[in-house]
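All of the numbers you see were taken from the coordinates with simple rules; none came from a lab. Just so we're clear, the structure is a prediction, and the values are computed from it rather than from any experiment. Using ideal geometry, Cβ is built from the backbone for each residue, glycine included, and neighbour counts are taken over all protein chains shown.
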Amino acid sequence: MALSLAPMNIFNRQAEEEKGESARLSSFVGAIAIGDLIKSTLGPKGMDKILQSPNATDAIQVTNDGATILKSIGVDNPAAKVLVEISKVQDDEVGDGTTSVTVLACELLKEAETLVSSKLHPQTVIRGWRKSVDEARRVLEENALDHGDDPVKFREDLLNIARTTLSSKLLTQHKDFFANLAVDAVLRLKGSGDLNAIQIIKKLGGSMLDSILDEGFLLDKKIGVNQPKRIENAKILIANTAMDADKIKIFGSRVRVDSTAKIADLELAEKEKMKNKVDKIIKHGANVFINRQLIYNYPEQLFADAGVMAIEHADFEGVERLALVTGGEIVSTFDHPELVKLGTCDLIEEIIIGEDKLLKFSGVALGEACTIILRGATRQILDEAERSLHDALCVLTQTVKETRTVFGGGCSEMLMANAVNALAARTPGKEAVAIESFARALQQVS
């Protein structure tokens with residue numbers, strides 16, 4: 001039997017195949033396009049971008065944050081996707097510098113394109129760049145300052161870092177005010193680095209200078225009708241359970257009864273079931289009940305009669321953070337009160353910010369917990385202010401963990417570039433060309 005030697009296509013019909021120089025050039029072009037897109041947002045004179053989703057219902061974003069921009073655009077090029085991932089990792093690990101790392105990677109690719117076009121082997125380029133990275137890290141560590149043992153100087157370092165971070169953001173006009181606010185919030189963490197203890201609430205209205213840092217925890221919810229408005233020595237039961245009428249959750253099902261009296265019996269049975277559930281909750285000894293889901297009128301009335309403050313429909317993130325700062329647990333069943341850990345705080349009271357009422361939890365178990373209330377004229381300003389402040393908080397938290405600092409404003413990049421150029425002068429062979437290209441990329445970022 002003769003074997004067919006005809007070529008077999010293993011790709012889909014829509015698939016495209018690129019090889020050699022064509023594939024390399026395609027990767028270079030895609031990645032460089034991403035770098036050029038966000039390069040204009042870099043630094044104190046960086047420009048904002050307006051991001052509009054194809055979905056008309058989505059809000060418009062105005063930002064110069066590299067990670068936010070790159071997450072919002074669709075990318076098909078594989079090399080461009082790598083740059084987007086670099087930005088995401090930088091955002092997750094440090095919280096700032098997302099634009100800088102993307103622009104640096106883009107400049108390195110531009111240099112690599114020139115070197116490869118000059119018939120320099122990619123492995124030679126990589127060896128030179130690895131030596132450059134080691135030299136740049138060495139000179140950074142030699143010139144780093146460490147004021148971790150001096151609280152006064154270390155606070156000044158933190159303020160300078162916060163100002164530098166905010167200089168390229170929307171908050172640059174009020175960077176001294178927000179730098180102090182961010183440093184005070186991070187120092188309250190006492191080195192734990194748990195940013196979940198810092199809550200940011202955005203409230204429309206007022207100016208940005210009306211923003212405040214408040215000790216304790218704020219929940220953007222209202223107290224139920226006819227319930228206590230102030231609770232001292234609060235014991236808090238945090239739950240995620242249904243407190244509404246039972247629903248038949250089978251699509252298309254119906255309940256048939258013989259008479260209207262049977263309907264009354266069903267309603268009575270539902271009320272009795274809900275009363276039993278409320279009784280179980282009250283037996284936990286809590287004087288505050290906060291539920292992730294809705295609380296209907298009947299159980300709300302039962303809680304009011306028992307003198308228990310009931311708060312409904314708290315968002316999931318707020319409930320999780322509340323459990324963290326009060327030392328409680330989120331529960332969904334109430335048959336074993338002895339196994340449930342209640343949250344505690346010294347005082348719960350209703351406060352007014354602008355035109356909105358919020359609940360303030362003072363004296364929580366997690367003493368470092370605090371809330372930043374941001375004020376602003378528009379929703380876009382508030383969203384960008386939150387992103388800017390979050391970047392500053394992330395950077396300050398990392399600085400508290402690693403107290404060594406270096407100078408900014410392009411100083412460190414030029415310092416590394418000079419050291420790498422000196423290394424290139426000492427290095428024989430083709431690797432010196434690759435090392436020089438690394439120094440040029442650093443100079444472009446600075």
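About its Cα centre, the dipole of the chain is roughly 620 debye, where the only charges are +1 on Lys and Arg Cβ and -1 on Asp and Glu Cβ.
Considering only beta bridges that DSSP places wholly inside the stretch 270-410, some 70 percent are antiparallel. Between Ser22 and Lys283, the FRET efficiency from the beta-carbon distance, with R0 = 60 Å, is close to 0.25.
Please give the peptides 259-265, 426-432 ranked by average Cβ packing (other Cβ atoms within 10 Å per residue), highest first, as a rough proxy for protection. Intermediate results must be reported in sequence, preceding the final value.
Numbers: 259-265: 10.0, 426-432: 13.9.
Answer by packing, highest mean first, reads 426-432, 259-265.
Were the residues from Leu145 through Ala261 laid out at 0.36 nm apart, the gain over their Cα-Cα distance would be 33.6 nm.
Between His121 and Asp346, what FRET efficiency comes out of the Förster formula 1/(1 + (r/R0)^6) with R0 = 60 Å and r the beta carbon distance, rounded to 0.05? Walk me through the numbers on the way to the answer.
Working: r = 68 Å, r/R0 = 1.14.
Plugging the Cβ-Cβ distance into 1/(1 + (r/R0)^6) gives 0.30.
Whole-Hz Karplus values for the stretch 126-131 come out as 5, 4, x, 5, 5, 5 Hz, taken residue by residue from phi with 6.51 cos²θ - 1.76 cosθ + 1.60 and θ = phi - 60°; glycine and proline positions read x.
May I ask for the net charge around Lys222, where only other residues with Cβ less than 15 Å from the Cβ of Lys222 are counted and Lys, Arg are +1 while Asp, Glu are -1? Mind showing how you got there, number by number?
On the way: positive: Lys203, Lys221, Lys229, Arg230, Lys357, Lys360; negative: Asp220, Glu300, Glu312, Asp315, Glu349, Glu350, Glu355, Asp356.
Residues near Lys222 contribute -2 overall.
A simple charge model with +1 on the Cβ of Lys and Arg, -1 on the Cβ of Asp and Glu and nothing else charged puts the dipole of the stretch 149-197 at about 180 debye relative to its Cα centre.
Close amide H pairs (under 5 Å, H built 1.01 Å from N) link Gly206 with no residue at least 5 positions away or on another chain.
For Val331, the residues whose modelled amide H falls within less than 5 Å of its own, excluding neighbours fewer than 5 places apart on the same chain, are Ile238, Ala239, Asn240.
Could you give the alpha-carbon Rg of the stretch 319-371 over 2.2 N^0.38 Å, rounded to two decimals? Present the calculation step by step, with values, prior to reporting the outcome.
Working: Rg = 13.2 Å, N = 53, 2.2 N^0.38 = 9.9 Å.
Against the empirical 2.2 N^0.38 Å value, I get 1.33 for the stretch 319-371.
Each label point was placed 7 Å from the Cα along the Cα-to-Cβ direction; for Arg426 and Asp335 their separation is 7.3 nm.
Between Val152 and Asn418, the modelled label-to-label distance comes to 3.1 nm, taking each label 7 Å out from Cα in the direction of the beta carbon. Summing Lys and Arg as +1 and Asp and Glu as -1 over all other residues whose Cβ lies under 10 Å from the Cβ of Phe438 gives a net charge of -1.
Give me the percent of DSSP beta bridges within the chain that run antiparallel, rounded to the nearest 5. Antiparallel bridges make up about 60 percent of those DSSP assigns within the chain. If I take R0 = 41 Å and measure r between the Cβ atoms of Asp194 and Asp244 in this structure, what FRET efficiency does the formula 1/(1 + (r/R0)^6) give, to the nearest 0.05? That pair, Asp194 with Asp244, gives E of 0.75. Considered as an equivalent ellipsoid built on the Cα gyration tensor, the stretch 309-446 has semi-axes of 52, 21, 14 Å, the largest given first. For the peptides 327-339, 90-102, residues were scored by their other Cβ atoms within 10 Å and the scores averaged per peptide; the highest-first order is 90-102, 327-339. Each label was represented as a point 7 Å from its Cα along the Cα-to-Cβ direction; for Val133 and Lys273 these points are 6.1 nm apart.
Amide H contacts for Ile295 (H built 1.01 Å from N in the peptide plane; partners 5 or more residues away or on another chain; cut-off under 5 Å): His313.
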